[in-house]
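No value in this document is a laboratory result; all are computed from the given coordinates. What you see is a predicted model; the values in this text were computed from it and never measured. Glycine also receives a Cβ, built like all others from the backbone with ideal geometry; neighbour counts cover every protein chain displayed.
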Amino acid sequence: MGLLPVASVWSAEEKSSVTVFYPNIGEPYRAVFTQIIQGIEQAANTTKIAININATSEELRNAAQNQPNRSVIALGRQGLFASVALAPDTSLVVGGVVGVKGLMSNDIHAMQVFSLMPEPLLLFMQLKKLMPRCQRIMVVYDPDKSAWLLQQAELAAKQMQIELHAIAVSNLKDAVTTYQTLFRSASATDDALWLPQDVTTVEDSIVLPLVLREAWTRQLLVFSSTVSHVHLGALFALYPDNTAYGRRLAKAAARNAATAGIKIELLNDVLTAFNSNTAQHLNLVLNAEQRQQFDLIFPER
């Protein structure tokens, strides 16, 4: 069977009721969705329906039509697939996704989308805490994937009174060339490099090793929207507080306030990862109180 319905029984009458479509996948992603659902369950009476990757169109349609609530939270791409056949008056909240390109063409339902992409303003605020002298943030991005994110980043940079030097590229080769040019002109004193969640400009096998190696050599601060980059040498990253994020999804579904079209919110429920070796290399000295602000420190002791 492609669908595995599980009902959670709650006694708290003040909680709203919501159906959660979520992908039935293996680790490490299963643990992430489990934590998100735990947050949802803390704030809402929850009916959970797992969607297998190989679920047929008929099974997806049956899941959507048989769910018992007018409020639905669709997690991940698989959850979103199951939501297509929902009744038009259903309140739809989408979570567990990063980009929005595939969602923008959805003209069937109004929906609230809560991206896993950290809010740029939070990243820039953290940067200024660690590097108050920073005057310019450099970022290389693919407009086909990240134009919507850069619009938010420009607003955040203006609010922080910091220059955002954003360069658009369309392929991996141009990304490599652009980074090489940036490194030749970057100032370790005044500049920092931001790595967004962009598979073109932060490609794992070629681009990322090059960027981190050159940044280390030039003592240029690199921060990221992806927590695994901190383990590899970026100074810090913001990543989801999955349980708090789940509670936010439940509260949004309870408001039942979806307007026409698609409303997108970037991630505000964040934790901070930090690389102490990189900090030492950059001559950043933090006291014990400052170190306590970080939720995950690499290398792990």
* Structure fact -> At R0 = 35 Å the Cβ-Cβ FRET efficiency linking R136 and K15, nearest 0.05, sits at 0.15
* Dipole magnitude (debye, nearest 20) for the range 196-251, charges at Cβ of Lys, Arg, Asp, Glu -> 300 debye
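How much length is gained on full extension from A188 to D89, taking 0.36 nm per residue of separation minus their Cα-Cα distance?
So the extension gain works out to 30.3 nm.
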* **Spin-label zone in the range 54-89 - amide nitrogen under 16 Å from a point set 7 Å from the Cα of V98 along the C-beta vector** => 76-78
* Would you work out which of A31, H281, V227 lies farthest towards the positive end of the dipole of the chain? Charges go on Cβ: Lys and Arg +1, Asp and Glu -1. => H281
* Structure fact -> Nearest 10, in degrees from 0 to 90: the angle of helix 120-130 to the longest Cα principal axis of the chain is 40 degrees
* Quote to one decimal, in nm, the extra length available between K128 and L172 on full extension: 0.36 nm per residue of separation minus the C-alpha distance between them. => 12.9 nm
* Arranged from highest to lowest average of other beta-carbon atoms within 10 Å per residue, in what order do the peptides 56-62, 218-224 appear? -> 218-224, 56-62
* **Expected 222 nm ellipticity per residue - DSSP helices of 4 or more, -39500 (n - 2.57), all of the chain, to 500** => -11500 deg cm²/dmol
* What's the local net charge at T226, with K and R +1, D and E -1, over the other residues with C-beta under 13 Å away? -> -3
* To do: Could you point to the residue in L86, A237, A50 farthest towards the positive end of the chain's charge dipole, with +1 and -1 charges on the Cβ of Lys/Arg and Asp/Glu respectively?
  => A237
* Asked: Stretched out fully, how many nm does the piece from R255 to D204 gain, at 0.36 nm a residue minus the Cα gap?
  -> 14.4 nm
* Roughly speaking, what is the centre-to-centre gap between the range 225-256 and the range 37-56 when only Cα atoms are used, to the nearest Å? -> 18 Å
* To do: Take each of the peptides 113-123, 33-43, average the number of other beta-carbon atoms within 10 Å over its residues, and list them starting from the highest.
  => 113-123, 33-43
* Between helix 207-218 and the chain: long-axis angle, C-alpha atoms, 0 to 90°, nearest 10 -> 30 degrees
* To do: Working from Cα positions, state the angle (0 to 90°, nearest 10) between the long axis of helix 143-159 and the longest principal axis of the chain.
  => 70 degrees
* Asked: Which of N66, N24, N171 moves the most in a Gaussian network model of the chain with Cα springs under 10 Å?
  -> N66
* Structure shown: which of K128/K173; K48/K251; K173/K263; K129/K251 lie over 23 Å apart, alpha-carbon to alpha-carbon? -> K128/K173; K173/K263; K129/K251
* Taking the Cβ of L267 as the centre, find all other residues whose Cβ is under 12 Å away and add up their charges (Lys, Arg: +1; Asp, Glu: -1). => -3
* **Percent RCO, i.e. relative contact order, over the chain, from Cα pairs under 8 Å lying at least 6 residues apart** => 20 percent
* Asked: Distance in nm between label sites at T181 and I53, each 7 Å beyond Cα in the beta-carbon direction?
  -> 3.9 nm
* Asked: Using +1 on the beta carbon of Lys and Arg, -1 on that of Asp and Glu, and nothing else charged, what's the dipole of the chain about the Cα centre, debye to 20?
  -> 300 debye
